[in-house]
Amino acid sequence: MFRKIINRYESKAFAFLILMFVMVSLVNSDFLTGESVVNCFNDSVVFTLLAVGSAFVILTGEIDVSVGSVLGISAAVAATALRDGSSVFTAISLAILVGAFFGFVNGIGVAVLKIPSLIFTLGTYGVARGMVYVYTGGAWVENLPAWFTSASHSYLCGYLTWYYALAIIFVIFVQFLLSHTKKGHNFIAVGDNYQGAELVGINPTQTKIYAYVISGVFASVAGLIFTSRIGFITPMSGNSYEMKAIAACVLGGISLSGGLGTLIGAAIGAVIMTSITRILVFLGLSSNYDNTITGIILIVIVVVNTIIQNREIVKSRREISLKRIAQKAFIDNQEVSK
């Protein structure tokens, strides 16, 4: 049981996170304090939601590079509604509808029209980002209600914010549904074996549409929390966030080929990716290195995972070949003995 837990990719990702914290503390002992470490988790709440939403799409074997822009337009719509006096329920509903709409469009384009997911979601990325500029007129959305912006500073206990605590509880709940329900298994089944999923009665097209809608909704919720934490929205809000979300998924053990990984792993990956910015500060380096380091980590992880997967494929084929040779030899011996 213990060995099984240790061998899980999420455990390795968490071990890497701890090792990273320890190594930084050796350079700057001020980093390894309760407040600093917990803030690494608190700061990851937006990327946690983005990564978990993206994980559904990646599990089906597809990709979604539009989540950053969907976050931006959802946040802009919600922030404008709140600034103009609408209720929080109206703002949340509008944001979620926007996210679900873009997710549905992505799902139709990829699953129904069979357009490559990278190409189609890149197009959606451009449309959503353009709509942020059009909707806001290129201006910042400011003067949000104080109760909304102060909510991000509400603490459950110690330095742990309510936002991150609720996000983790929700992620665990969704992971339970993914692991223990038929609909949840469908996402993994489609990514693992598309044709095989069809043969057992799963509708891959419908499943992929669901995955994109979920990704869009998670991006819109992330946009709401982003707005509450920052206190304003600019036309560039959420720009390049999709890269960190995808990197978090890969770092957390979700295979880009689909069918492998957990949402918990994606959440851990999000903490690692978010911690980079804070770590750079404690190491005395400019935050300008943030995207560069994120890109390097993503490339290294993808290369390493590809090498490992290729080795496993070769090993599996070799084992199958040896079994066939052994079976043939056994049959030949049986015929000779007769």
Next item on the list: Output the qualifying pairs, or none if there are none: Cβ atoms under 8 angstrom, residues six or more apart or on different chains, first residue in region 101-125 and of a type in the set (Gly, Ala, Ser), second residue not in a helix (DSSP H, G or I).
Entry: 109/115; 117/62; 117/63; 117/64
Margin query: So, in region 154-191, exactly how many residues are surrounded by 12 or more Cβ atoms within 10 Å (Cβ to Cβ), more than 30 Å from residue 201 (Cβ to Cβ) and not aliphatic (A, V, I, L, M)?
Written below: 6
Next item on the list: Can you give me the ranges of the helices (runs of 4 or more DSSP H) entirely in region 1-118 with at least 3 residues that are at positive phi and buried (at least 19 other Cβ atoms within 10 Å of the Cβ)?
Entry: none
Note to self: Looking at region 262-277, can you tell me whether even one residue there is over 17 Å from the mean Cα position of the chain (by Cα) and at pLDDT below 85?
What the structure shows: yes
Check: Tally time: how many residues in region 146-167 are among the aliphatic types (A, V, I, L, M) and over 28 Å from residue 80 (Cα atoms)?
Finding: 2
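The values are calculated or read from the model by the stated rules, or taken from the named source; none is laboratory data. Bear in mind that the values here come from a model prediction, so they are computed numbers and not experimental data. All Cβ positions, glycine included, derive from the backbone under ideal geometry; neighbour counts span all protein chains shown.
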